[in-house]
Amino acid sequence: MTLAERAKLFESLHNDEMLILSAKGQDYAGGEDVLRNFKVNAERLGLTKYQVWSVYAMKHIDAILNSIERNPAAPARTAETVMGSIIDARNYLGLLACMLKEDLEEDKSC
């Protein structure tokens, strides 16, 4: 893969991530607080929002790892694409960054 091909792929991934964030974000968190579902489920389950995040994020990592385990030469999934799981995992890393940023901003105001 060339540098130009890599750049094009990363741009495509980013565009897909933004579309999915917008669509799924409304379903999971609503319109106000993009981290609402992590916080609400943390409260329901007696966990932290980071622990809830880790369960959600690892689901996508597990799907990728299982597809590699099943077919190391050509990983594939049956219900979704591996690329879809990659995009979701990247989005979850971004949401983790949102949580950390939010917490840092709250600490400064104390």
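Data for the structure
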item	result
Values of log10 I(q)/I(0), in the order q = 0.15 Å⁻¹, for the chain under a Debye, Cα-only, solvent-free model	-0.78
Helix-only mean residue ellipticity at 222 nm for the chain, each DSSP H run of n ≥ 4 adding -39500 (n - 2.57), per residue, nearest 500	-27000 deg cm²/dmol
Among 20, 66, 96 - extreme Cα towards positive end, dipole of the stretch 3-108, charges at beta-carbon	66
Nearest-20 debye value, the stretch 3-108 charge dipole, Cβ charges on Lys, Arg, Asp, Glu	280 debye
10, 38 arranged by Cβ crowding within 10 Å, fewest neighbours leading	10, 38
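Every number here is computed from the coordinates shown, using simple stated rules; none is lab data. Here the structure is a predicted model, which is why all the values come from computation and not from measurement. FYI the Cβ positions are ideal-geometry reconstructions off the backbone, even for glycines, and counts take in every protein chain you see.
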